[in-house]
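Some notes on the structure that comes next.
The values are calculated or read from the model by the stated rules, or taken from the named source; none is laboratory data. Here the structure is a predicted model, which is why all the values come from computation and not from measurement. Cβ placement follows ideal geometry from the backbone for every residue including glycine, while neighbour counts extend to all protein chains displayed.
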């Protein structure tokens, strides 16, 4: 086992020569970041008012094909606002997947919702439309008076579904929306990890009513933080901008706020970094896919499975991943790789196994449990000279 693990580490080092330790996914700044940041300082536009916020929104809308993009502080706040806009009310249930970063469930909780966790497909690592259908058939009913989908056990309204494009791999979002439509449930896409990923030729995050993106420091591009809400709905986009700037009614000097809002807008400083990063995104995606291709070629000669892009998809390969045959081998590799200066990490603890969500309803999560005990993320950042 040690010999095999040593060979993997040596191969990873060959992909990132001269770098020690090898990070999992460090940001790179190869363009106009410093120039645009200096402009922010020189003009004093460092808060959420400034040209870079608008420019970043326009870049994201153009790149994803969404009609509108609204910049926010981070992906979590963007998801919380998306839930609010979709009509999720306190005590409503929101179906999502347990194989996800905790921010997905936290955003549901911040919006007053209650998460319900559904299993994933083993090829996409995203929500399974078949498992979703089975759970809804067994556990929900349509209220004849309101037309709302109701959980038969809790009596709560099920008002949204949030699939996540795990590690940048598109889930079967078209099929998920087909199921959701049968039950009258809105779909919000957690595309925090999948900027530059496509399903059936369409960018992730643009299939549902709303989608969200993240620009945290470890994402494909970064703004030093930040998130984005994307949608084709003009009214929702306008409302999103309004409530994330404290719901202030425009006026030269008066402070009138017409609803309970949030101070969630992205700053011009963050957006300036994002604008510069978007100018390089095509080359970053090309490099990441090249690295993933080399991983695929290497692991095809081993008994370790490399997680490759699913059918009908083009993935950004945000974080490349491998799946060991058992948890003991996974744990041994995690220990050895990190001790030798190559950063790797396991999958997230299933959200339903966290103490804060241990009472949440699930469908058993058979695939999620089988995968999370064996999966490892590998260094996947953009390499450069």
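The strands (runs of 3 or more DSSP E) found wholly in the range 49-159 and carrying at least 2 residues that are surrounded by fewer than 16 Cβ atoms within 10 Å (Cβ to Cβ) occupy 140-142. Considering the range 168-183, and only residues there that are surrounded by fewer than 23 Cβ atoms within 10 Å (Cβ to Cβ) and touching a strand residue (DSSP E or B) at 6+ places or on another chain (Cβ under 6 Å), the residue that is farthest from residue 88 (Cα to Cα) turns out to be 177.
Among the residues of the range 241-264, which ones are touching a residue at least 40 places away in the same chain (Cβ under 8 Å) and outside any strand (DSSP E or B)? Result: 241, 243, 244, 262, 264. The numbered conditions (1) over 28 Å from residue 216 (Cα atoms); (2) outside any strand (DSSP E or B) are all true for residue 174 except (1). Against the criterion of being part of a helix (DSSP H, G or I) and within 16 Å of residue 56 (Cα to Cα), residue 223 does not qualify.
Yes/no matrix, rows are residues, columns are (1) closer than 18 Å to residue 81 by Cβ; (2) in contact with a strand residue (DSSP E or B) (Cβ under 8 Å, 6 or more places away or on another chain):
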position	(1), (2)
132	no, yes
135	no, yes
139	no, yes
147	no, no
150	no, yes
159	yes, yes
164	yes, yes
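Counting only residues that are more than 28 Å from residue 287 (Cβ to Cβ) and under 26 Å from the mean Cα position of the chain (by Cα), which one in the range 15-48 is modelled with the lowest pLDDT?
48
Scanning the range 96-109 for residues that are in contact with a helix residue (DSSP H, G or I) (Cβ under 7 Å, 6 or more places away or on another chain) and either more than 16 Å from residue 167 (Cα to Cα) or free of Cβ contacts under 8 Å to residues at least 24 places away in the same chain (or both) returns 105, 106, 107, 108. Checked against (1) under 28 Å from residue 375 (Cβ atoms); (2) touching a residue at least 40 places away in the same chain (Cβ under 8 Å), residue 85 meets all criteria but (1).
Among all positions in the range 332-342, there is no residue which is farther than 21 Å from residue 21 by Cβ and out of contact with any strand residue (DSSP E or B) (no Cβ under 6 Å at 6 or more places or on another chain).
Could you tell me whether any residue of the range 330-345 is without any contact (Cβ under 8 Å) to a residue 40 or more places away in the chain, in the same structural domain as residue 13 (by TED's automatic domain parsing) and buried (at least 17 other Cβ atoms within 10 Å of the Cβ)?
For the range 330-345, residues without any contact (Cβ under 8 Å) to a residue 40 or more places away in the chain, in the same structural domain as residue 13 (by TED's automatic domain parsing) and buried (at least 17 other Cβ atoms within 10 Å of the Cβ): absent.
For the range 312-330, filtering for residues that are touching a strand residue (DSSP E or B) at 6+ places or on another chain (Cβ under 8 Å) and under 29 Å from residue 27 (Cβ atoms) leaves 9.
Restricting to the range 226-266, give me the number of residues that are within 30 Å of residue 383 (Cα to Cα) and surrounded by fewer than 23 Cβ atoms within 10 Å (Cβ to Cβ).
0
Checked against (1) farther than 30 Å from residue 32 by Cα; (2) assigned to a loop (DSSP other than H, G, I, E, B), residue 318 passes all but a single condition, namely (1).
Beta carbons closer than 6 Å, at least 6 apart along the sequence or on distinct chains, pair a first residue in the range 54-82 that is farther than 18 Å from residue 236 by Cβ with a second that is in a helix (DSSP H, G or I) for 55/275; 56/271; 56/274; 56/275; 59/278; 76/103; 76/107.
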